[in-house]
Amino acid sequence: FYIPAQAKFFVQPNGKLRTTPDVWQFLHETGIEYNNSKALRIWLGPEHRRITDNFSCSVQYSSEYILHPYHLQYLTPHQHPLTPTVMSQYRQKLVDEQLWIYTMNRGGFVGVVKGITQRRLTWALASALEELGHPGTGIRGTVIVTLGDVLKAAHSPAHLFGQGVAQAIDREWKQHL
């Protein structure tokens, strides 16, 4: 369970969230999970080692919808000023997007390269899913890609990442059905 520094004060080590009744009601009504450990690491097939090594990444998938880990900071028990906005955005996201893809950098590198690389990998995954017959519909849930070395990922061909991860997610989704 990845807990960003800003949320460590109200997410206990055992994963229990201390928050407001409004947030609990929101989570219950929408079915959105706050605990990102509910997304399990998936096997990417024969190319697993090559993809995870070349892109310095791990890939998790869940058929459930999971809050982005960096949005945990808005679930504070002291009612963050942006909490209503974030909850509204997630309600809309439930309507607009069937598959939520988060690409996060845990390697400490920040800057333009980070943003571009994260967008490239997200786009490559979405494109590969579309090629498999999932044009934004069909597969539901959350994919969490965690990059350990964004520079390494930036120098690797994104389409290989997209194809490998898309095939794995397609397999996981079919097992879920």
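Each reported figure results from applying straightforward, stated rules to the coordinates on display, with no laboratory input. Computed from a prediction, not measured in an experiment: that's the story for all the values here. Glycine gets a Cβ as well: all are built from the backbone with ideal geometry, and neighbour counts include every protein chain shown.
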Problem set entry | Whole-Hz ³J(HN,Hα) from phi, Karplus 6.51 cos²θ - 1.76 cosθ + 1.60, for segment 148-164, glycine and proline x | x, 9, 5, 5, 5, 5, 5, 8, 9, x, 4, 5, 5, 4, x, 5, x
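Using packing as a proxy for protection, rank 3-9, 67-73 so that the peptide with the highest average count of other Cβ atoms within 10 Å comes first. Working shown, then result.
On the way: 3-9: 14.1, 67-73: 18.7.
So the order, starting with the most tightly packed, is 67-73, 3-9.
Taking K and R as +1 and D and E as -1, what net charge do the other residues with C-beta under 13 Å from the C-beta of residue 149 add up to? Before the final figure, lay out each step's value.
Working: positive: 106, 114, 152; negative: 53.
Here the count lands on +2.
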Exercise. Expressed as a rounded percentage, what relative contact order does the chain have, with Cα pairs under 8 Å and six or more residues apart?
Worked result: 29 percent
Exercise. Which of 125, 40, 147 moves the most in a Gaussian network model of the chain with Cα springs under 10 Å?
Worked result: 40
Seminar exercise, completed: HN-Hα couplings for segment 131-140 via Karplus (6.51, -1.76, 1.60; θ = phi - 60°), in whole Hz with x for Gly/Pro, come out as 4, 7, x, 10, x, x, 10, x, 6, 10
Seminar exercise, completed: Restricted to pairs 8 or more residues apart or on different chains, the lysines in the chain with C-alpha atoms under 28 Å apart form a number of pairs equal to 13
Problem set entry | Calculated from backbone phi, Karplus (6.51, -1.76, 1.60) coupling profile of segment 10-17 in Hz, x at Gly/Pro | 10, 10, 6, x, 7, x, 6, 9
Seminar exercise, completed: Taking 162-171, 16-25 and ranking on average Cβ neighbours within 10 Å, highest first, one gets 162-171, 16-25
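Could you work out the percent of alpha carbon pairs in the chain separated by over 24 Å, rounded to a whole number?
Working: 6004 of 15576 pairs.
Summing the P(r) tail past 24 Å for the chain gives 39 percent.
So what are segment 112-173's ellipsoid semi-axes, whole angstrom, largest first, if each one is the square root of 5 times an eigenvalue of the alpha-carbon gyration tensor? Show your work: numbers first, answer last.
Numbers: eigenvalues 92, 24, 21 Å².
For segment 112-173, the semi-axes come out at 21, 11, 10 Å.
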Exercise. Which value in nm describes the separation of the simple spin-label points at residue 174 and residue 98, placed 7 Å from the Cα toward the beta carbon?
Worked result: 1.6 nm
Exercise. Considering only segment 49-163, what is the antiparallel percent among its DSSP beta bridges, to the nearest 5?
Worked result: 45 percent
Exercise. Under a Cβ-Cβ cut-off of 15 Å, what is the net charge of the residues other than residue 130 that fall near it, where Lys and Arg count +1 and Asp and Glu count -1?
Worked result: -3
Exercise. About its Cα centre, how strong a charge dipole does the chain have in debye, to the nearest 20, once Lys and Arg get +1 and Asp and Glu get -1 at the Cβ?
Worked result: 460 debye
Exercise. Residue 90: net charge of surrounding residues, Cβ under 12 Å, Lys/Arg +1, Asp/Glu -1, itself excluded?
Worked result: -2
